[in-house]
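Here it is, the structure, as C-alpha cells.
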Amino acid sequence: MNRFSSLICKTSALAGCALLLASTQNIALAQGSVWTQHNDLHRDGVNASETILTPSNVNQNSFGMLFKDPVDDQVYTQPLVFGNLAIAGGTHNVAYVATTNNSVYAFDADTGVQYWHVNLGPAATVGNLGLGCTDMVGTVGIIGTPVIDVANKWLYVVNQTFDGTNYVHHLHKLSVTTGADASGSPVTISNPAFVSKMQLQRTGLLLSQGNVYFAFSSHCDQGSWKGFVFGFSASTLAQTGEFNDSPSANGGAIWQSGNGPAADVNGNVYVVSGNGSWNGSTDFSETMFKLGATGLGIVDWHTPSNYSTLDGCDCDLTTSGAVLLPNSELIGGGKYGQLIVANMNNMGHLGDAGSVQTWQATSSHIHSLNFFNNKLYMWGQSDYLQVFSFNGTTFNTTPTFKGTQKAIGHPGASLSISANGTSNGILWGATNTADDGSGGGAWHATVAGIMYAFNTSGMGQIYNTNQNANRDDCGDYAKFAPPTIINGKVYLSSFGSHATGSGALCVYGELSGTSNIIPNGTYEFKNVNSGLALESPGWDHTQGLDMDQWTVNGGGNQLWSVINLGNNVITLSNNYSSQQLEVAGNVTTSGALVDQWPYNGQTNQQWKVTSLGGGQYELTAVNSGLALEVVGAGTGTGVKIDQWPYNGGNNQRWTITLTHP
C-alpha cells in the first residue's frame, strides 16, 4: 500500500483499508482526481488529500468564483476531475460535466478552457414522456454522474435518446482526451421487462473490479417501471449481470438521489430500493441489497419492519443510497427520516431487530450523507445541519452539533468534505435558497441556489456564495449535485438561470491578489537558455508583429505589464506598443508563433504561470496548453518566440524581474 492509500484509510477509519482497496482506482492513480460520484467506492463524500484549501483561506475576502463555464442545458451530475492528464499537447487538470441535453464537456479545470464537447444524440423531454411528471423540468438525456477509468483513460456515461418514436438508453465509453466513442460503443441497455421510456437512470455510475454498474428508477412512479441494476464489462462492454428487484410488480425504484451504488473489497455491489411491492422472495421494495459482483444476484439484504407503511406513504428508503462504514457496516436513510445501520456480513433480512441500529434522525427526507473522522454529517429536507458521532459500531443518536440555518423545503443540502488527513476539514453543502411556490422547495422546480462551507472543527460557517453574490453566485441550484473539491478548487454544477436550456460549471478557489506567483506590475522577461529579453522588435506598433528575443537594454519594448486574472493566469501588455502577448491566430498547434495584438479577452492572450523553482517560471498559453519558448533553443538576437509542448528545456524557462510595482 502506498502513502496515499494509507492516509485515506486512516482518515476514513476503514478497518484494514479493505473498502478503499476495492479498486486500483483508489490507490496512487486517484491522486489529484475525483473520478466517481461522491469520491470513492464507499460513497462517503470525502477527499482527505486536499492540501491547499483550509478553514483559514476559505472566506469571502480570499476565496471566491474564479470562472464559470456555460453548457447547453441543466446539470444534474457531479463534476469529475482528472488530474495531470496529457491532453491538447500538454499536461492539465481536466473537469468533466454532463448535461440533460446528452452533452459531455471537458474543460481545463484550472482555466476553464474547453477541450472538447460531444453530443450523444437527441434527448427526450418531460413533454415527450407525457407522464405529467416534472421530476426533471426539461430534457432527460444524461442524469446520472459518469465514472472515469483513470488507469485506461475512459469515461463511461449512460444517456437516453428519443428519435421521435423510440426511447433508448445507451452506455457510452468515451475517450477522456477527445470525447470519441471507443470501438463497440455505445451499447444498448435492454431487458424484456425494461421499458426505456418509463425508466430513469438517476444513480451515479460505479466502476469496480473491471465492471461498470448503474441503476434505474422511474419518473414519479408513473407507467411501468422496475428497480434494475445492470453490470457491463469496462473493457468489452459486454453485459456481465442484471438485477430486477420487482419482477412480478411495478416498483422498487433505485434512484438514491443521484448517489452511486457502493462496492466492497470483493466487488459486491450495494444499492437501496424504494416504494413498490415486497414478498421477501422475488419482490423487494424498501430494501438494502448486497449483490454479487458476478451476475448481480442477491447475496444478502435488509428490509425494515415498517416496509408496508413506507410503501403506502411514498416514503422511499432509497433516498440516500448506501454509505459504507468501518467494521463492515453500512448506513442509509429515506424519506421518512430514519437512519439504518446494517452489518454487511449479516444484513439481518426482515425486521428492525436484524439491523445494527435504527433511529429517527429527522422528520423528513435524507438525501446526502458524509462520513469523516468518525462523524456522520447530514442536512435533511426542511431541517438543520446535524452531526452524529460514531464509536466504531453505533452512533450517538443525539447530534453533537445542530445548525441554525434551516433548509428551505426539498431536498436539504448535498454535502462533500475536504481535508488534509484528519486536519483542516471543511464541510461543503449545496442547496436551494428559494421555494417553488407550494412549499416544496426545489421539488419540481428550478430555484436559486447557494453553497456553504463549514469548519468541521467546531462547525462554524466560514463562507457562502451569497456573501458576495455579484462575484460568486452560480445560478440556480443543481438538485442533488454535491460540490467536488480537489487541487485547491471547488467545482459546482448549476441549472443556470432558468428552467431549461441553460447550465454551468462554476469553479471556486483562492482569488487574485491573495497568492499570485507574480503580482501585478511591470516586468522584464529573460530567457534562461539565451539570457536575452522577450521584446516587441523594432519599436513597432504593428498589429500581428511576431515577438523575438534581444539583448537586455531596459527599453519600453522589453517591459511587460502583468495583470492577474485569477489562479495565476495573467495577461502581458507591452509597455511600448500597449498590445497583448498572444498566440497568433488563436491556434493550438505546436510551433505557432507569438505576436502582439490589441486586447480582446480571448484565451490566446492569457498565460498560466508555473513556478519551476530557483526563480524560473513556465508560461503556458491558456488556449493551447503549450509553453512559451524561444524557437529551436536559439541563442542569437532576433530569434522568434513560439509555443511548444513543455519539455523542461531552458528555452522554455524564464526569469522575471520586477521593474515597476
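Give the lysines reachable from residue 406 as a straight Cα distance under 30 Å; neighbours fewer than 8 places away on the same chain don't count.
Within reach: 68, 335, 375, 479, 489.
Expected output is a single nm value to one decimal: the length gained when fully extending between residue 587 and residue 660, i.e. 0.36 nm times separation in residues minus the C-alpha distance. What is it?
Between residue 587 and residue 660, full extension yields an extra 23.1 nm.
Something else: For the chain, take the longest principal axis of its alpha carbons; what is the angle in degrees between that and the long axis of helix 3-12, to the nearest 10 within 0 to 90?
So the inclination is approximately 40 degrees.
Once phi is turned into θ = phi - 60°, what whole-Hz ³J(HN,Hα) does the Karplus curve with 6.51, -1.76 and 1.60 give for every residue of the range 449-466, x standing for Gly and Pro?
x, 8, 10, 10, 9, 10, 6, 5, 8, x, 6, x, 6, 10, 6, 8, 6, 8
Taking H placed 1.01 Å from N in the peptide plane, check which residues at least 5 places from residue 77 or on another chain put their amide H under 5 Å from its amide H.
Close amide H contacts, sequence-distant or interchain: 98.
How large is ³J(HN,Hα), in whole Hz, for each residue of the range 549-557 in order, when computed from phi with the Karplus curve 6.51 cos²θ - 1.76 cosθ + 1.60 and θ = phi - 60°, using x for Gly and Pro?
10, 8, 4, 4, 9, x, x, x, 6
To continue, here is another question. Take the Cα atoms of the chain, find their three principal axes, and give me the spread along each one in whole Å, biggest first.
Between the extreme Cα coordinates on each principal axis of the chain lie 86, 55, 51 Å.
Check the straight Cα-Cα distances from residue 526 and name the lysines below 29 Å, setting aside those fewer than 8 residues away within the same chain.
608, 640
A follow-up question, please. So who's got an amide H within less than 5 Å of the one on residue 565, skipping anything under 5 residues away but keeping other chains? H placed 1.01 Å off N, in plane.
Those lying under 5 Å, H to H, from residue 565 are 570, 571.
For the chain, what is the percent of antiparallel DSSP beta bridges, rounded to the nearest 5?
Percent antiparallel among DSSP bridges in the chain is about 95.
May I pose another question? For the range 346-418, divide the Cα radius of gyration by the Kirkwood radius and give the resulting Rg/Rh value with two decimals.
Dividing the radius of gyration by the Kirkwood radius yields 0.99.
Starting from the amide H of residue 401, placed 1.01 Å from N in the peptide plane, find each other amide H under 5 Å away whose residue is 5 or more places distant or on another chain.
Those lying under 5 Å, H to H, from residue 401 are 387.
Given axes a ≥ b ≥ c from the Cα gyration tensor, I'd like to know whether the range 614-661 is rounded (a/c under 1.5), prolate (a/b larger than b/c) or oblate.
Cα axes put the range 614-661 in the oblate bin.
About the Cα centre of the chain, how large is the charge dipole given +1 on each Lys and Arg Cβ and -1 on each Asp and Glu Cβ? Please answer in debye to the nearest 20.
Dipole magnitude for the chain comes out near 840 debye.
Under the classification rounded if a/c is under 1.5, otherwise prolate if a/b is larger than b/c and oblate if not, where does the range 354-509 fall, given a ≥ b ≥ c as square roots of the Cα gyration tensor eigenvalues?
The shape class here is oblate.
For the range 553-661, what class follows from the C-alpha gyration tensor (a ≥ b ≥ c being the square roots of its eigenvalues): rounded when a/c is under 1.5, otherwise prolate if a/b is larger than b/c, else oblate?
Rounded, since a/c falls under 1.5.
For the range 353-361, in order, what is each residue's ³J(HN,Hα) by Karplus, 6.51 cos²θ - 1.76 cosθ + 1.60 with θ = phi - 60°, in whole Hz (x at glycine and Pro)?
Those phi angles translate into 5, x, 8, 6, 6, 9, 8, 7, 8 Hz.
To the nearest 500 deg cm²/dmol, what mean residue ellipticity at 222 nm is calculated for the chain from DSSP H runs of n ≥ 4 alone, each contributing -39,500 (n - 2.57), summed and divided by the residues?
When only DSSP H runs of four or more count, the value is -1000 deg cm²/dmol.
Right, another one. Less than 19 Å apart at the alpha-carbon level, and either on another chain or at least 8 residues along: which aspartates and glutamates does that give for residue 290?
40, 44, 242, 245, 264, 300, 316, 329, 352
Right, something else. Limiting things to C-alpha atoms, what are the Rg and the maximum Cα-Cα separation (Dmax) for the range 103-216, in angstroms?
When restricted to Cα atoms, the range 103-216 yields Rg and Dmax of 14.7, 46 Å.
Mind ordering 160-168, 213-221 by average Cβ neighbours within 10 Å, highest first?
Per-residue Cβ counts within 10 Å, averaged per peptide and sorted highest first, yield 213-221, 160-168.
How would you order 100-111, 423-434 from highest to lowest mean count of nearby Cβ atoms within 10 Å?
The most tightly packed comes first, giving 100-111, 423-434.
Please give the peptides 620-631, 469-480 ranked by average Cβ packing (other Cβ atoms within 10 Å per residue), highest first, as a rough proxy for protection.
620-631, 469-480
Readers should treat all values here as calculations from the given coordinates under stated rules, not as data from a laboratory. Remember, predicted model here, so these are calculated numbers, not experimental data. Cβ sites come from the backbone with ideal geometry, for glycine too, and all protein chains shown count toward neighbours.
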